Amino acid sequence: MEQHVSSDTICALSTPPGVGGIAVIRISGPDALAGAHRFFRGPHGLLDAESHRIYYGWWMDGEVPIDSVVCSVFRSPHSYTGEDVVEVSCHGGYFVSRHILSMLYGVHIRAAAPGEFTQRAFLNGRLDMTQVEAVADLIHAQSSPGSLTAARQLAGGFTRRIAAFRQRLLDTAGLLELELDFSEEDVEFVDRSALRATLTSLASETHALQSTAKAAETLRSGFTVAMVGFPNAGKSSLFNAFLQEERAIVSDIPGTTRDYIRESIIVDGFTVHLVDTAGIRSTDDTIELQGISLTESVIKQANAVLIINDASEGLTSSDALVDDILRQFSPEHCILIQNKMDLVGTSQRHDVAAVSELYCSARRGEGMEVLRTTLRDMVAGSASAINDVLLNRRQADVLSQVTDSLHSAVSGLDVGLTSEYIAVDLRQAIRFLGELTGETWNPDVLEGVFSKFCIGK
Ligand SMILES: Nc1nc2c(ncn2[C@@H]2O[C@H](COP(=O)(O)OP(=O)(O)OP(=O)(O)O)[C@@H](O)[C@H]2O)c(=O)[nH]1
Ligand SMILES: [Mg+2]
């Protein structure tokens, strides 16, 4: 990619605003060095500063010293953005960084838009699109495995995998197109059954990758667990026992919880959002009905469902509800919890259940450890397919288009289409792969990606 030249120079506070040890102001663009030089007084000026060196001095407003600072200099193209960059480290707090920024604005260095530094890095070919998205994920990660995966994605493992994949398609398309030049002679450079096997395996690779999107969402935003059941089953009691605080109101009146309540906990490095819901039953009460319909929407958005059963009503008394939920959820994402086991002989077991079961007493706080381990395994298991990329919606959509183009090439082969037609499908798959890494992009996609960034990044 050729160097993208920005005519203007931008600046922003790159550390979070507020009180802190130090604050870093990043300046990027053709006037970065000259701009900072005007206000910097030290043993060496910044105009002829060497790249990858730090310079100590004072930031001056005329003759008034503002702060003692350290300026790190990165000259184009060896910087984050690919442009000349100066990072001014000053003391943290509200006023110094604001003062420095306003002085820079005064010399026509404008405030950077959210993500604009990273956008310039992309336009200058310093990062590809999946690496840009990794930067956003790294900043906002809600789990430590998510953060580690984003770091691998930023390091470029996924970029290389896609590049190799794309190369295989380019080679194949090239050979098919070569056949066209020799069409009179009726030669085949590519063995059709080998081609079919390759394309099928590539399609299953993209499909497998695409299906990690949901797990990636878990690593990115956390794992949502809905706690559902009939009224009075003890959902709120269990919710409280799990959080180890009296968060939700518990009472023996059925229909106590009417809204849903959401709290987040960290289980072994994963963020888990627990949602206590209104008990499901038929009722005429409009508020309770609204609560029940909210419960249904919580279930739809959840990663897993805990179905709480009041064991004193019989171990099978929630089986109809379990069946209902199994229509939307796979059994490995549902757990039937037999609560109030203190009221029932602990030897009782319900062995015909369609999902795995846990036995506990929320009132006595028994069985919480097993529940915690089970949840942890479920969350960790859902993320285990993830290796070097945290796929997002945009990437999953692009990948499904790649898969479709490959499938179309395979069916073309099956009906004996000529190389010309197969090559068209391959070229299309190649173009979509280019969208994935940002080799081909349109302004809307670019804007969508960068709008998720914060200022200063
Ligand atoms: N003996 C016993 N009672 C329990 C246990 N868990 C909950 N209860 C009691 O069951 C009643 C209902 O508990 P809640 O936690 O409010 O039940 P819920 O499922 O949230 O009920 P709704 O919000 O009305 O749907 C309360 O009186 C609790 O004290 C338990 O493990 N053992
Ligand atoms: Mg409740």
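In this structure, is Ala226 within 30 Å of Ile280 (Cα to Cα) and assigned to a strand (DSSP E or B)? Give the steps one after another, and end with the answer.
Numbers: within 30 Å of Ile280 (Cα to Cα): yes; assigned to a strand (DSSP E or B): yes.
Yes.
If I go through segment 423-443 residue by residue, how many of them are open to solvent by less than 30 Å² (accessible area, probe 1.4 Å) and under 14 Å from Leu170 (Cβ atoms)?
Selection size over segment 423-443: 9.
Any residue in segment 282-311 that's in contact (Cβ under 8 Å) with a residue 12 or more places away in the chain: show its pairings with residues that are in a helix (DSSP H, G or I) and within 13 Å of ligand 2 (Cβ to nearest atom) at Cβ separation under 8 Å, as long as the two are six or more apart or on different chains.
Thr283/Ile292; Leu306/Leu238; Ile308/Lys235; Ile308/Leu238
Each row is one residue, and each column tells you yes or no for (1) within 16 Å of ligand 1 (Cβ to nearest atom); (2) closer than 21 Å to Gly279 by Cβ; (3) modelled with pLDDT under 90; (4) crowded, with 16+ Cβ neighbours inside 10 Å.
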residue: Ile325; (1), (2), (3), (4): yes, yes, yes, yes
residue: Gly345; (1), (2), (3), (4): yes, no, yes, no
residue: Cys360; (1), (2), (3), (4): yes, yes, no, yes
residue: Met378; (1), (2), (3), (4): no, no, yes, yes
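Looking only at segment 217-231, decide whether some residue is open to solvent by 10 Å² or more (accessible area, probe 1.4 Å), near ligand 1 (Cβ under 8 Å from one of its atoms) and either assigned by TED's automatic domain parsing to the domain that holds Ser143 or over 20 Å from the mean Cα position of the chain (by Cα) (or both).
Yes, some residue in segment 217-231 is open to solvent by 10 Å² or more (accessible area, probe 1.4 Å), near ligand 1 (Cβ under 8 Å from one of its atoms) and either assigned by TED's automatic domain parsing to the domain that holds Ser143 or over 20 Å from the mean Cα position of the chain (by Cα) (or both).
Conditions tested, residue by residue: (1) of a type in the set (Ser, Thr, Tyr); (2) under 30 Å from Ala164 (Cβ atoms); (3) within 9 Å of ligand 1 (Cβ to nearest atom).
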position: Ala197; (1), (2), (3): no, yes, no
position: Glu245; (1), (2), (3): no, no, no
position: Val250; (1), (2), (3): no, no, yes
position: Gly269; (1), (2), (3): no, no, no
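Among the residues that make up segment 425-444, is at least one of them within 25 Å of Phe182 (Cα to Cα) and among the β-branched types (Val, Ile, Thr)?
To start, the set of residues in segment 425-444 that are within 25 Å of Phe182 (Cα to Cα) comprises 425-430.
Retained after the next criterion (residues that are among the β-branched types (Val, Ile, Thr)): 430.
Within segment 425-444, one or more residues are within 25 Å of Phe182 (Cα to Cα) and among the β-branched types (Val, Ile, Thr).
Give the residue, chosen from Thr283, Thr256, that is modelled with pLDDT under 85, among the polar types (S, T, N, Q), within 13 Å of ligand 1 (Cβ to nearest atom) and more than 22 Å from Thr374 (Cβ to Cβ).
One residue alone meets the criteria, Thr283.
Scan segment 156-166 and tell me whether some residue there is under 30 Å from Ile27 (Cβ atoms) and either among the β-branched types (Val, Ile, Thr) or modelled with pLDDT of 90 or more (or both).
Within segment 156-166, one or more residues are under 30 Å from Ile27 (Cβ atoms) and either among the β-branched types (Val, Ile, Thr) or modelled with pLDDT of 90 or more (or both).
Can you name the residue in segment 242-280 that is within 12 Å of ligand 2 (Cβ to nearest atom) and assigned to a strand (DSSP E or B) and is also nearest to Gly146 (Cα to Cα) among such residues?
Val275
The values are calculated or read from the model by the stated rules, or taken from the named source; none is laboratory data. These numbers come from a predicted model, not from an experiment. So basically every Cβ, Gly included, is an ideal-geometry build from the backbone, and we count neighbours across all protein chains shown. Just so you know, the surface numbers come from the protein's heavy atoms only, side chains and all, with ligands and any DNA or RNA stripped out. Shrake-Rupley method; radii C 1.70, N 1.55, O 1.52, S 1.80 Å.
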